[in-house]
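Asks: Structure incoming, see below.
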Amino acid sequence: MKKSLKISSAVALAAGLVALSGCGGQETSEAAQSGPSFGECEITKSPTVHKLDTKAEGVLTVAASLPYPAGYRGNTLESVDGGYMYCLDAEIANRAGLTKIKLVNAPFEALVTAKASNFDFAVWDIYDTPERRKAVDFSTPYNTYATGVLVKTGSALTAASIKDSTVGVLAGSVQLKYVQETLKPKQVRVFSSNDDLFNAVLAGQIDAALNDTATVMPRAASSDGKLSVIGSYPVGGDVAALFPKGSPNVQVVDQILADMKQDGTLEKIMSKWLNPILGGDPGKLPDWAA
């Protein structure tokens, strides 16, 4: 059965969460009372605080594979002031009593294979899989995604002809495993960044790019009609914050996410920042695995 993107209901996600006891004290956030600024993100005033053990005092260091304007709006690490991932980070920082976020850039493959660890956690719509848990830890999920098929607009590619095509995927992604073991197209090309992957579609170097629906749909919607998402595969699953193995902060973030789901904050972030940029309903994409 096809897994569709679940962003409209906090209840659906809450069913997959385990409300764990926070590690550290709970208190009223002085930072929230004084109004810490996280760009254009709207943060909760005077939330219950769950203390994080951060690498830098008073600062939440977050890793992501940038640029990714949909999740982290800004031209440089220092100029990011919005996006659904950044505002999720901001609310977590706020509920940890922190007043500042430091973003660090890391290749996707380095994140999921633990080749990078100079951060408190990473938020980049990373799937929580058993294989990845051997190297890193994950929080409880904050969303669920499937895989979209991104092509150049006007492409004649079909669910049948994709097997005779050249397909591009990200290194270390769940899509890479799927195309190698199940889809088995004529040729697979592996890219280190989304920009390289999507530019290859535009340049005609590959026939299609397979990536999360929440990644390919915004890219198509902002392409001035040059790109389209024409199908989907039930490949993906829960996305969650990624932590260096053995991090003491996993249960703390679990508790913060549980609080955010219960009071509706997570749903508000996704409704404001993610839903408008998708440009359509992922659940209505044709199921190419059928």
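The values are calculated or read from the model by the stated rules, or taken from the named source; none is laboratory data. Please read these numbers as outputs of a predicted model, since none were measured by experiment. Note that we place each Cβ from the backbone using ideal geometry, even for glycine, and neighbour counts take in every protein chain shown. Surface accessibility is based on the protein's heavy atoms, side chains included, excluding ligands, DNA and RNA. Shrake-Rupley method; radii C 1.70, N 1.55, O 1.52, S 1.80 Å.
Asks: Too long at a 20 Å Cα-Cα cut-off: which of LYS102/LYS272; LYS261/LYS284; LYS177/LYS245; LYS177/LYS261; LYS55/LYS100?
Replies: LYS102/LYS272; LYS261/LYS284; LYS177/LYS245; LYS177/LYS261
Asks: Here's another thing I want to ask about it. What does a probe at LEU202 reach in segment 153-195, counting residues whose amide N is under 11 Å from the point 7 Å along Cα→Cβ?
Replies: 195
Asks: Taking N as the number of residues in segment 48-138, what value does Rg over Cα atoms divided by 2.2 N^0.38 Å take?
Replies: Rg over 2.2 N^0.38 Å, computed on Cα atoms: 1.05.
Asks: Given the peptides 275-286, 61-72, arrange them by the average over their residues of other C-beta atoms within 10 Å, most packed first.
Replies: 61-72, 275-286
Asks: Pull up all non-local amide H partners of ASN211: gap of 5 or more, or a different chain, and H-to-H distance under 5 Å with H placed in the peptide plane.
Replies: For ASN211, the qualifying residues are GLY148, LEU150.
Asks: So what is log10(I(q)/I(0)) for segment 79-211 at q = 0.10, 0.22 1/Å, when the Debye sum runs over its Cα atoms only?
Replies: Once normalised to I(0) and log-transformed, intensities are -0.41, -1.35.
Asks: Ordered by packing density, taken as the mean number of other Cβ atoms within 10 Å over each peptide's residues, highest first, how do 161-171, 141-151, 247-257 rank?
Replies: Top of the packing list down: 141-151, 247-257, 161-171.
Asks: In whole Å, how far is the Cα centre of segment 156-207 from that of segment 262-290?
Replies: Result: 23 Å between the Cα centres.
Asks: Another question about this same structure. Can you give the Rg to Rh ratio for the chain, taking only C-alpha atoms and Rh from Kirkwood?
Replies: Using only Cα positions, Rg/Rh for the chain is 0.97.
Asks: With Cβ to Cβ distances under 9 Å as the rule, what net charge do the other residues near GLY168 carry (K, R +1; D, E -1)?
Replies: Around GLY168, the surrounding residues sum to -1.
Asks: With only alpha-carbon atoms counted, please give the Rg and Dmax of segment 125-174, in Å.
Replies: 15.1, 42
Asks: When DSSP beta bridges are limited to those with both residues in segment 45-170, what percentage is antiparallel, rounded to the nearest 5?
Replies: For segment 45-170, the DSSP antiparallel bridge percentage is about 20.
Asks: Residues of the chain: accessible area per residue at 1.4 Å, in Å²?
Replies: Computed with neighbouring chains in place, this is 43 Å² per residue.
Asks: Where does segment 180-219 land on Rg(C-alpha)/(2.2 N^0.38 Å)?
Replies: 1.17
Asks: What percentage of the solvent-accessible surface of the chain, computed with a 1.4 Å probe over protein heavy atoms, is contributed by carbon and sulfur atoms?
Replies: Carbon and sulfur: 48 percent of the exposed surface of the chain.
Asks: When the Kirkwood hydrodynamic radius is evaluated over all pairs of different C-alpha atoms of segment 156-290, what value in angstrom, to one decimal, is obtained?
Replies: Final number for the Kirkwood radius of segment 156-290 is 16.8 Å.
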